[in-house]
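Below is one structure, written out as structure tokens; comments come after it.
The values are calculated or read from the model by the stated rules, or taken from the named source; none is laboratory data. Keep in mind that this is a model prediction, so the values were computed, not measured. Positions of Cβ are generated from backbone atoms using ideal geometry, with glycine treated the same way; all protein chains shown enter the neighbour counts.
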Amino acid sequence: MTDKNAVVEKFKDRQALIGIVGLGYVGLPLMLRYNAIGFNVLGIDIDRDKVEKLNRGESYIEHIPGSSIGKARKTGFEATVDFRRASECDALILCVPTPLNKYREPDMSFVINTTDALKPYLRAGQVVSLESTTYPGTTEEELLPRVQEGGLIVGENIYLVYSPEREDPGNPNFETRTIPKVIGGHTPKCLEVGIALYEQAIDQVIPVSSTKAAEMTKLLENIHRAVNIGLVNEMKIVADRMGIDIFEVVDAAATKPFGFTPYYPGPGLGGHCIPIDPFYLTWKAREYGVNTRFIELSGEVNQAMPEYVLSKLVDGLNNAGKALKGSRVLVLGIAYKKNVDDMRESPSVEIMELIQAKGGVVAYSDPHVPVFPRMREHHFDLSSEPLTADNVASFDAVVLATDHDKFDYALIEAQAKLIIDSRGKYRAPMAHIIKA
Ligand SMILES: NC(=O)c1ccc[n+]([C@@H]2O[C@H](COP(=O)([O-])OP(=O)(O)OC[C@H]3O[C@@H](n4cnc5c(N)ncnc54)[C@H](O)[C@@H]3O)[C@@H](O)[C@H]2O)c1
């Protein structure tokens, strides 16, 4: 069954088996969505522990409930490490990581290894969709030749699309179904099959003219965020020198009903997307002899934020007649954003390292991260401090790095000797609170 119309029908009839390759923050919600509308879903991942956990009906991501995985397991979801089973799938949706290497260049090894592992099991009638964030040209340059290596012809008997993921973990206002999905096909037939795949699961599918345009769309979205956060972080420093509260200013500006979008300053960029994705374009643009100056500049401003927070901490302790060296400092919130447990690229961790490097004694409290996890480049042998009145009062300073809803802000305000607030949580001026 390789005819395009027959493939489209199989998705419309919900008879297709959906293969999701990479069962992480992106892959799992997508799996749950296809499962919820009656598709059988095969999840493929190289991580045996994750696969076993998921097959036992357990979740390993805080905001994805185990009960949802358990329910999916009973209704047509299965996970496997066996790539041979890719041949059973009608769609193969790739949701694998795209980090930067230590030279801040794209690390395409996950995408390439995944495609190479799938290659022997590709067959006519399948659609392959890449969802990982990446530079324009990836689908054409890396996936297309590999998909065609065994003699299949993209657009004729196998279909290739790029459709970026727009997941916002922890945001209760949006779910997979309600976030419009951009999609580009390698050929018009690819696009048609790709639309048939996604329009079952997503309310609004936005076709664009090519895989490159779809790849660039995702980068524009994330670069737009990175640059605007860089701008407001710079404005924060200027406002602070002038004795103006930047949060008050952003809120006031946000009342303009057109032409302004509020972005809030913070301790720096975190997560797997905003600090990383812009540099995918920077790298690719060099091939075309173009410099991406806004990206570099906002990267510079944003990367300097943990040092800025540290300087405010040093000032605050100094005012109290204390040195950072030997002071006990509690960092509040080590996940990179509020109400999630994801610590990838978290600026809180950098702040902790800076405090430690200056001889401060650092501890943390985060209701979403009970024990400091093993990370590739950072390690602290710590677990989350309880936020009791006595405990908060025992520290020389607390640094509010991530403003989880679960924190008791009134208790912190009442008990902490010194608060360094990088999130604008405390608006009224108080002697023991320093905005950072
Ligand atoms: N997390 C987000 O909020 C988000 C949002 C939009 C886009 N993205 C993009 O989506 C992609 C995936 O991100 P994520 O956050 O889901 O990553 P993740 O690390 O949570 O999940 C990736 C999964 O892929 C698996 N994997 C790695 N190599 C593999 C291979 N060769 N074959 C099969 N599985 C493999 C890993 O074991 C892991 O389970 C990235 O490109 C990211 O930039 C992420």
Pairs with Cβ under 8 Å, 6+ apart, first in the range 288-307 and at positive phi and basic (Lys, Arg), second modelled with pLDDT of 95 or more and not in a helix (DSSP H, G or I):
none
Which one of these does Phe395 not meet: (1) farther than 28 Å from Ile61 by Cα; (2) not in a loop (DSSP other than H, G, I, E, B)?
(2)
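Looking at the range 189-200, can you tell me whether even one residue there is in a loop (DSSP other than H, G, I, E, B) and crowded, with 17+ Cβ neighbours inside 10 Å? If you could, list the steps in order and put the result at the bottom.
Let us first name the residues in the range 189-200 that are in a loop (DSSP other than H, G, I, E, B), namely 200.
Filter again for crowded, with 17+ Cβ neighbours inside 10 Å, leaving 200.
Yes: one or more hits.
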Need a quick list: strands (runs of 3 or more DSSP E) entirely within the range 1-98 having at least 1 residues that are away from the ligand (no atom under 16 Å from the Cβ).
17-21, 40-44
I'm trying to understand the selection: among the residues of the range 3-44, which are out of contact with any strand residue (DSSP E or B) (no Cβ under 8 Å at 6 or more places or on another chain) and among the charged types (D, E, K, R)?
Asp3, Glu9, Lys10, Lys12, Asp13, Arg14, Arg33
Any chance the range 357-378 includes a residue that's outside any loop (DSSP other than H, G, I, E, B) and without any contact (Cβ under 8 Å) to a residue 24 or more places away in the chain?
yes
Pairs where the first residue, in the range 258-272, is under 8 Å from Glu345 (Cα atoms) and the second is among the aromatic types (Phe, Trp, Tyr), C-beta under 7 Å, 6+ apart:
Gly270/Tyr336; Gly271/Tyr336
What are the residues in the range 167-184 that are in contact (Cβ under 8 Å) with a residue 12 or more places away in the chain, within 12 Å of the ligand (Cβ to nearest atom) and assigned to a loop (DSSP other than H, G, I, E, B), if any?
Glu167, Pro169, Gly170, Ile179
Just to be sure before I move on: is Lys284 farther than 18 Å from Lys425 by Cα, touching a Gly at 6+ places or on another chain (Cβ under 7 Å) and not β-branched (Val, Ile, Thr) in the structure I sent?
yes
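For the range 160-170, check the following and say yes or no: at least one residue is under 29 Å from Pro145 (Cβ atoms) and modelled with pLDDT under 95.
Within the range 160-170, one or more residues are under 29 Å from Pro145 (Cβ atoms) and modelled with pLDDT under 95.
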Residues that are in contact with a Ser or Thr (Cβ under 8 Å, 6 or more places away or on another chain), in a strand (DSSP E or B), of a type outside the set (Phe, Trp, Tyr) and modelled with pLDDT of 95 or more: does the range 131-151 have at least one?
no
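Return the residues of the range 185-197 that are under 16 Å from Glu131 (Cβ atoms) and in contact (Cβ under 8 Å) with a residue 40 or more places away in the chain; say none if nothing qualifies. So that I can check it myself, show each step before the final result.
Let us first name the residues in the range 185-197 that are under 16 Å from Glu131 (Cβ atoms), namely 185-186, 190-191, 193-195, 197.
Correct list: His186, Cys190, Val193, Gly194, Leu197.
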If you go through the range 114-147 one residue at a time, how many are without any contact (Cβ under 8 Å) to a residue 24 or more places away in the chain and either on the phi > 0 side of the Ramachandran plot or within 25 Å of the chain's Cα centre (by Cα) (or both)?
1
Identify all residues within the range 1-22 that are buried (at least 24 other Cβ atoms within 10 Å of the Cβ) and either under 26 Å from the mean Cα position of the chain (by Cα) or acidic (Asp, Glu) (or both); write none if there are none.
Ile18, Gly19, Ile20, Val21, Gly22
For the subset of the range 116-141 comprising residues that are within 13 Å of the ligand (Cβ to nearest atom) and of a type in the set (Asp, Glu), which member is surrounded by the most Cβ atoms within 10 Å (Cβ to Cβ)?
Glu131
Please state which one of Lys325, Lys236 is under 26 Å from Lys358 (Cα atoms), in a loop (DSSP other than H, G, I, E, B), touching a residue at least 24 places away in the same chain (Cβ under 8 Å) and among the charged types (D, E, K, R).
Lys325
Can you tell me which residue in the range 268-295 is nearest to the ligand (Cβ to nearest atom), limited to those that are more than 16 Å from Tyr135 (Cβ to Cβ) and in a helix (DSSP H, G or I)?
Phe294
